[in-house]
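Take a look at the structure below.
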Amino acid sequence: MMHPIRKQRLILIVSVVLSVAIAVGLILYALRSNISLFYTPSQVAQGETRPGQVFRLGGMVQKGSVQHGQGLAVRFVLTDFHHAIAVTYTGLLPDLFREGQGVVVQGQLEGGVLLAQEVLAKHDENYRPK
Amino acid sequence: MIIFLRSLLSPKTFSRFAKQCIPWLYAGFAVFFTYGLGGGLVLSPPDYQQGDAFRIIYVHVPCAFLSLLIYLIMATSAGIAAIWKIKLADHITRTSAPIGASFTLLALITGALWGKPMWGTYWIWDARLTSELILLFLYLGYIAAISAFSQQRSAEQVGRIIVLVGAINIPIIHYSVYWWNTLHQGATLSKLAKPSMDAQMLYPLLAMIVAFFLFYLAVLLTRMHRIISSPYANSATTGA
């Protein structure tokens, strides 16, 4: 079958790649909460964020929750359909921002309301004509 | 057939075979690219959510796809070169690297241009974007490492190790959008599931992916043919 030297090289390569893969896997597993871009409202409700911490929150803009205030001020509710958090933001919203849209906001909680400094829109992987 | 395949492993025979393939590859590229570009930019309807801005997908997705595919091809030939000591496999790895790096850079640039109007930012350190950036550094690191050696043999040995170890990044890029929360959306095209894209938009995209792949093959074979048949590239053919 396979020449013994080649077999030896194959085993060596496979074991090196496997061990590096396991090492990288463990590192990524240990860092998983840092790699994830945002917390969900449920994670915040479970107390995974510290008070006063600036973090990103991701979820859907709840239908019927967007209220425009003076100027560029806006207030809306972000939900993951289990928990919801109110968000206030003053600034330009991305084009895709609308009710029922996935968004990621960055800011800190004050009295249960997230004061956002940045609002980014997510879009899904579906493409279809208007 | 087996004799033909075996003779292809000799760089000289391969080079002659490559020369015959090149015009066909460019012709195929021209056909698919014309259909993909026309179908994507003119014939396909605007997206329900993103309007006309979604059309950058016709460059972004093929570039990103090729950046992963070329790395997989490099890793496979690095493995073959390490086990069977086939010169041609090292040629494929070395010649593919700059092409793969270019596609990765293009994927990052087109992604940034798409991100600004849609997400609201050019760049964010989410898992998909960061792992794709690491892929660019892997390509550049490989190119830098193999050019740093004056001895062809040591260059190729170090290159194989870098490429094989770096291959771990490929599944990470692919699954990053499922393993972690990211701003980047999940995959539209998947082998197992029905693509979540309208057929009018999908066919030009698939044509663009085929076109970019044929372009890669054409450039790869052109460059390999040049390197192997060049009278000055003695070290490239006799070194390994």
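Seen from every direction in turn and averaged, the convex hull around the alpha carbons of chain B projects onto 14.4 nm².
Strictly over 32 Å apart at the Cα level, which of B:Lys85/B:Lys194; A:Lys63/B:Lys194; B:Lys19/B:Lys194; A:Lys7/B:Lys194 would you flag in this model? The partial results should precede the final answer.
Values: B:Lys85/B:Lys194 41 Å; A:Lys63/B:Lys194 29 Å; B:Lys19/B:Lys194 38 Å; A:Lys7/B:Lys194 40 Å.
Pairs exceeding 32 Å: B:Lys85/B:Lys194; B:Lys19/B:Lys194; A:Lys7/B:Lys194.
Residue ranges B:3-11, A:79-87 sort as A:79-87, B:3-11 when ordered by packing (mean number of other C-beta atoms within 10 Å per residue, highest first). Once both labels are positioned 7 Å from their Cα atoms along Cα-to-Cβ, the gap between B:Trp125 and B:Val42 label points is 4.5 nm. Kirkwood hydrodynamic radius of segment A:1-73, from the reciprocal of the average inverse Cα-Cα distance over all distinct pairs: 17.4 Å.
Over all alpha-carbon pairs in chain A, figure out the percentage whose distance exceeds 20 Å. In whole percent, the share of Cα-Cα pairs in chain A beyond 20 Å is 56. Projecting the Cα atoms of B:Tyr216, B:Leu106, B:Gly51 onto the dipole axis of chain B, where Lys and Arg carry +1 and Asp and Glu carry -1 at the beta carbon, places B:Tyr216 farthest toward the positive end. If the viscosity is 0.890 mPa s and the temperature 25 °C, what Stokes-Einstein diffusion coefficient in µm²/s follows for the protein assembly as shown when Rh is the Kirkwood radius over Cα pairs? Roughly 105 µm²/s, to the nearest whole number. Take each residue of peptide B:3-13, count the partner chain Cβ atoms within 10 Å of its Cβ, and average: the result is 0. Helix B:199-229 and the longest principal axis of the Cα set of chain B meet at an angle near 20°. For the protein assembly as shown, the Cβ-based charge dipole about the Cα centre amounts to some 1600 debye (Lys, Arg positive; Asp, Glu negative; other atoms uncharged). Modelled this way, with points 7 Å down the Cα-to-C-beta line, the labels at B:Ala30 and B:Lys12 are 3.3 nm from one another.
Restricted to Cα atoms, segment B:30-122 shows a radius of gyration and a Dmax of 17.2, 53 angstrom. Ranked by the mean number of other Cβ atoms within 10 Å of their residues, highest first, the peptides B:175-188, A:61-74 fall in the order B:175-188, A:61-74. Stretching the chain fully between A:Arg128 and A:Leu28 yields a gain of 32.5 nm (0.36 nm per residue, less the alpha carbon separation). Straight-line reach from A:Lys122: taking Cα to Cα under 16 Å and skipping same-chain neighbours fewer than 8 places apart, the aspartates and glutamates in range are A:Asp80, A:Asp95, A:Glu99, B:Asp47, B:Asp126.
Taking every residue in B:116-127 and counting other chain Cβ atoms within 10 Å of its Cβ, the average works out to 5.
Residue by residue along B:177-184, Cβ atoms of other protein chains within 10 Å of the local Cβ number 6 on average.
Separation of segment B:162-196 and segment B:199-230, taken as the distance between their Cα centroids, equals 22 angstrom.
Any read-out appearing in this document is the output of simple, stated calculations on the displayed coordinates, not a laboratory observation. All values reported here derive from a predicted model rather than from experimental measurement. With ideal geometry, Cβ positions are generated from the backbone for all residues, glycine too; neighbour counts draw on all protein chains shown.
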